[in-house]
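Written below as structure tokens is the structure these notes are about.
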Amino acid sequence: MILCCGEALIDMIAAPTIGGGHGFLPQPGGGALNTAIALGRLGQRVGLVTALSRDMFGQRLAEALTASHVDLSGAARVDRPTTLAFVQLRDGQPEYAFYDENSAGRMLSATELPPLPPEASALCLGGISLACEPGADAYADLLERHGAGRVVLIDPNIRPALVGDEARYRARLGAMIARADILRLSDEDLGWLCPDAPDLRAGARTLLALGPALVVVTRGAAGATGYLPEGAEVSVPAPRVNVADTVGAGDTFIAGMLSALAEQGLLTPAALAGLRAEALKPALTHGARVAALAVSRPGANPPWAHELAPPPG
């Protein structure tokens, strides 16, 4: 089972109203939630480790997760409110305003989390949950206590506006990256983490030196590149689609990549340590294909496995 660990929130998506004005439509969101739903729809055994509010939005999140076959036994149920993220698209790219004070996720403590399902073989951590304290410390503690022997993926999804103490954030994130098998980040994330790197390759190599067996940099319409410790690089294009919006694109890419690695029997620490370029390419290709289908429709709406199947005949 893959456990996605991080935020579950409500994306308030800008939408026209019946009267002709502009309003916001509530949709399930959050990096960890999006990846969990995508994995469930792709047929993987998946659970979500998070804090779910008992309010009306939390109930909606639980229903959406259950409908996509996501196990919620690792989720803490709390009385604090659900985080709201108001989203507007500017030139096709999402801009966010977070309402997160004293929320279910932000105030999560390690003692609130239920025991992890014993069959958990991989931990996928990331998103704003790694930036917003005190919840960020709960996820760092979870990795410290439960990461050994499991595949660990870190997806920083850095939003500088949410970083309070930059030095603390960089130290916590650096320690988590050092425990990771896979680091997935956007080109913007890489630029923030490695501002002195002359190019993406140099930045990726700097991060590989911290410990991951694989660093994957996604570049939107330009595709994705995977970097391996011995020097190999694998690049795949992004399929051409009519883009509705890019909300959740990176989260869905992760699900597609992890699903493909799992199908190849490569989602173990030992297998990733010896990963070869020829095995990595189909995983990146699948991740790009899954993400492309997701961005072709509004909102974070990952595809189901049957939507990816080749047509009969």
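Some notes on this structure:
- Failed criterion for A180 (all others in (1) in contact with a helix residue (DSSP H, G or I) (Cβ under 8 Å, 6 or more places away or on another chain); (2) surrounded by 17 or more Cβ atoms within 10 Å (Cβ to Cβ) hold): (1)
- Lone unmet requirement of (1) under 23 Å from L89 (Cβ atoms); (2) under 18 Å from the mean Cα position of the chain (by Cα) for A244: (2)
- In region 207-220, the residues that are part of a loop (DSSP other than H, G, I, E, B) reach residues that are among the small types (G, A, S) and surrounded by fewer than 19 Cβ atoms within 10 Å (Cβ to Cβ) with C-beta atoms within less than 7 angstrom, at least six apart or across chains, in these pairs: L210/G174; L210/A178; G211/A178; A213/A273.
- Residue list for region 168-177, filter: surrounded by 15 or more Cβ atoms within 10 Å (Cβ to Cβ) and out of contact with any helix residue (DSSP H, G or I) (no Cβ under 7 Å at 6 or more places or on another chain): Y169
- Listed by position, the strands (runs of 3 or more DSSP E) enclosed by region 34-88 that each have at least 1 residues that are surrounded by fewer than 19 Cβ atoms within 10 Å (Cβ to Cβ) and not acidic (D, E) are 76-78.
- Any hit, region 82-90, residues being without any contact (Cβ under 8 Å) to a residue 60 or more places away in the chain, in contact with a strand residue (DSSP E or B) (Cβ under 9 Å, 6 or more places away or on another chain) and on the phi < 0 side of the Ramachandran plot: no
- Of all residues in region 56-80 being aliphatic (A, V, I, L, M) and in contact (Cβ under 8 Å) with a residue 24 or more places away in the chain, the one that is farthest from A32 (Cα to Cα): V78
- Annotation: of all residues in region 273-310 being in a helix (DSSP H, G or I) and touching a strand residue (DSSP E or B) at 6+ places or on another chain (Cβ under 6 Å), the one that is surrounded by the fewest Cβ atoms within 10 Å (Cβ to Cβ) is A277.
Every read-out reported here was derived from the displayed coordinates using simple, explicitly stated rules and does not represent laboratory data. What you see is a predicted model, and the numbers here were worked out from it, not measured in a lab. With ideal geometry, Cβ positions are generated from the backbone for all residues, glycine too; neighbour counts draw on all protein chains shown.
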